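In what follows, a single structure is set out as structure tokens and then discussed.
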Amino acid sequence: MPLRFDPSVYTVGWVCAIKDEVTASRAFLDEEHEQPRRRQNDNNVYIVGRMGEHKVVIAFPGAGSYGADVIAHTVAHMVRTFQNIRFGLMVGIGGGAPSEPDPIDPLKDIRLGDVVVSEPNEKHSGVLQYDKGRWGENGVFEIRSHLKRPPKDLLAAMNLLKSDYNHGMGKMIDYFNDVSRQSSRLRTWGFHFPGRELDRLYKPNHPHAEGLDCSGCGIEHLEKRLDHETDDPAVHYGLIASANAVMRSAVYRDHLRDTWGVCCFEMEAAGLMNYFPCLIIRGVADYSDDHKNDHWQRYAAAMAAAYAKDLLRVIPPEDVGCTGVTPQPKEDCMSRYTYCRKRIS
């Protein structure tokens with residue numbers, strides 16, 4: 001029978017937006033716990049358990065809706081029910097922004113199944129809200145995005161993990177392989193490597209042909225790319241662009257990549273960064289164009305979850321504060337959650 005703990009012992013909030021992300025994330029728990037009692041009117045779906053040395057809450061919207069506002073509402077309920085959560089991980093899929101082939105470092109070119117992690121620099125916080133701004137006198141939309149940076153503890157862990165990967169010490173692939181061996185059901189559901197022949201990047205000016213897949217789009221319109229030595233996914237760090245709509249324009253994708261250095265596109269992060277201390281982790285499921293299908297979605301979700309588990313590996317549990325000794329969250333966390341709490345009061 002699963003163990004049952006008080007909600008106060010859970011200190012890591014792991015947020016997903018869609019069912020496949022939750023299914024993938026759940027597979028990486030080392031131990032699953034019985035559902036704790038929740039507060040009234042909390043309609044989130046929760047899966048709780050242990051991942052390494054951390055007690056984790058996996059949360060996603062119970063209504064099946066998407067977007068920044070929905071996820072902000074989900075987090076608002078989560079931090080009210082689990083009051084000792086100290087930081088969050090937004091784990092799931094996104095669309096990549098592939099770059100020109102680099103003969104010196106072929107892995108810089110983002111491929112399907114790779115993982116992108118939000119990393120701030122001196123100009124941005126790691127997440128760009130690209131649908132927020134104003135129209136200039138020249139008729140150009142000027143992006144004005146002001147989002148907070150992730151917590152220092154998470155950034156320190158990210159840099160340590162980056163060093164681990166540079167020295168061949170990362171565990172992301174190992175975690176994924178372990179889960180694949182242990183769960184034949186996940187493989188049956190499509191949480192496996194789809195095959196590089198299904199990794200197709202079309203030229204920006206070539207629209208998707210009618211039909212569910214890209215069989216009618218023509219191989220002559222594919223971009224020429226350098227071969228990688230391995231099919232193992234790479235991890236990229238940089239700017240993730242967020243808006244309340246799916247990016248489907250390869251031309252605009254490339255514009256934001258060239259102008260801002262965007263690596264990835266998604267729909268939820270902009271609603272969290274100013275109010276919930278978190279890092280955004282995205283598995284690349286498509287190329288942010290109109291050539292979309294589900295071939296890579298589940299594999300990408302699993303690789304994002306594997307990276308997130310590896311990140312928790314390098315964070316000592318004491319770095320996420322109290323694990324149930326104090327019944328109320330600390331004041332510095334409460335101030336970050338004020339906005340979320342107001343949304344459901």
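GluC sites (Glu not before Pro), restricted to the range 1-81: which are DSSP loop and have at most 11 other Cβ atoms within 10 Å? Before the final figure, lay out each step's value.
Numbers: sites: Glu21, Glu31, Glu32, Glu34, Glu53; in loops: Glu34, Glu53.
Taking the range 1-81 and a limit of 11 other Cβ atoms within 10 Å, the loop GluC sites (Glu not before Pro) found are Glu34.
Looking at the square roots a ≥ b ≥ c of the eigenvalues of the Cα gyration tensor of the range 230-290, which shape do they give, rounded for a/c under 1.5, prolate if a/b is larger than b/c, or oblate?
Working: a/c = 1.69, a/b = 1.15, b/c = 1.47.
Since a/c reaches 1.5 but b/c is at least a/b, the shape of the range 230-290 is classed as oblate.
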Explain nothing, just the number: relative contact order of the range 75-183, from Cα pairs under 8 Å at least 6 residues apart, as a whole percent. 13
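Taking the highest mean first, how do the peptides 74-81, 185-192, 149-156 order by number of other beta carbon atoms within 10 angstrom per residue?
On the way: 74-81: 23.8, 185-192: 14.6, 149-156: 17.2.
Final packing ranking: 74-81, 149-156, 185-192.
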May I ask you to order 159-172, 296-309 by the average number of other C-beta atoms within 10 Å around their residues, highest value first? 296-309, 159-172
Let me check against my output: what whole-number percent is the relative contact order of the range 1-121, with C-alpha pairs under 8 Å and at least 6 apart? 30
Cα→Cβ-extended label distance, 7 Å offset, between Gln182 and Lys19, nm: 2.4
Could you please state, rounded to a whole Å, how far the C-alpha centre of the range 1-76 is from the C-alpha centre of the range 130-149? 34
Global form of the range 120-197, assessed from the alpha-carbon gyration tensor, a/c cut-off 1.5: oblate
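Read-outs: derived from the displayed coordinates by stated rules, not from any lab. Small disclaimer: the values here were computed from a predicted structure and weren't measured. Cβ coordinates were reconstructed from backbone atoms using ideal geometry, including for glycine residues, and neighbour counts include every protein chain displayed.
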